[in-house]
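So the structure is just underneath, and the comments pick up after that.
The values are calculated or read from the model by the stated rules, or taken from the named source; none is laboratory data. Note that this is a predicted model, so its numbers are computed, not measured. Glycine also receives a Cβ, built like all others from the backbone with ideal geometry; neighbour counts cover every protein chain displayed. Please note that ligands, DNA and RNA were not included when accessible areas were found on the heavy atoms of the full protein model with its side chains. Shrake-Rupley method; radii C 1.70, N 1.55, O 1.52, S 1.80 Å.
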Amino acid sequence: MVHVAMTLADKPALRNQQIPDGEIWPEFNLHGRTYLDSWDRLSDELPEFQFAMCDSETGEVVADAHTVPCWWDGAPQGLSGGFDATIAEGLFRRANDQPVNTLCAIAAEIPTGGRGTGLAADILKAMGRIAEQHGL
């Protein structure tokens, strides 16, 4: 099967076809502050960095992926405090028109049946292309 990455900016209707988070994440992940306050904002405010992997023949969404543009000075000490901090910083930078230079992978959501099929590698390559397209 050939997979094609399509961003939510390019095809907004994909948002209605995303894989339900409950099928991917453990229950406790669905109740954290960042998830409740910011997860949907990624699709609303950074759609060009959220994408779906689609079957090239059927168009069916087979995986979702999320990234956030951020600022990183290149030093290990300059990395954010993790998932929550990176999302908050990325949304803050977008809202305040601050520069970014790095694309951070936040999630690659692959349902159980799609694991071991090469989707993870395809998602990472798509993240690289998105970073390159945005000069990150």
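Here residue 31 sits with roughly 110 square angstrom of accessible surface, probe radius 1.4 Å.
If you wrap the Cα atoms of the chain in a convex hull and average its projected area over all directions, you get 8.5 nm². Positive contributions from Lys and Arg (+1) and negative ones from Asp and Glu (-1), summed over other residues with Cβ under 11 Å from the Cβ of residue 40, come out at -2.
Per atom type, segment 27-136 shows carbon and sulfur on 52% of its accessible surface, probed at 1.4 Å. Please give me, ordered by residue number, the GluC sites (Glu not before Pro) of segment 40-136 that lie in loop per DSSP and have at most 12 other Cβ atoms within 10 Å. Of the GluC sites (Glu not before Pro), the ones in loops of segment 40-136 whose Cβ has at most 12 other Cβ atoms within 10 Å are 57, 60.
Per-peptide packing, taken as the mean over residues of other Cβ atoms within 10 Å, places 79-86, 23-30 in the sequence 79-86, 23-30 from highest down.
How large is the translational diffusion coefficient of segment 46-107 in µm² per second when you combine the Kirkwood radius over alpha carbon pairs with Stokes-Einstein at 37 °C and 0.692 mPa s?
Values: Rh = 12.9 Å.
Reported coefficient: 255 µm²/s.
What accessible area per residue comes out for segment 7-136, rounded to a whole number of Å², with a 1.4 Å probe? That works out to 55 Å² for each residue.
As a calculated quantity, the FRET efficiency between residue 16 and residue 84 at R0 = 22 Å, using C-beta atoms, amounts to about 0.25. Extension gain, residue 9 to residue 60: 0.36 nm times the residue separation minus the Cα-Cα distance gives 16.6 nm. Within the P(r) computed for segment 24-79, what percentage of the Cα pairs occupies the region above 15 Å? Result: 66 percent of Cα pairs exceed 15 Å. With R₀ set to 25 Å, the beta-carbon distance separating residue 34 from residue 77 gives a calculated FRET efficiency near 0.65. Got a sec? Charge dipole of the chain, +1 on Cβ for Lys and Arg, -1 for Asp and Glu; which of 80, 31, 8 is way out at the positive end? Highest projection toward the positive end goes to 80. Tell me whether segment 1-57 comes out rounded, prolate or oblate; compute the Cα gyration tensor, take square roots of the eigenvalues as a ≥ b ≥ c, and use a/c under 1.5 as the rounded threshold. Because a/c hits 1.5 or more and a/b fails to exceed b/c, segment 1-57 counts as oblate.
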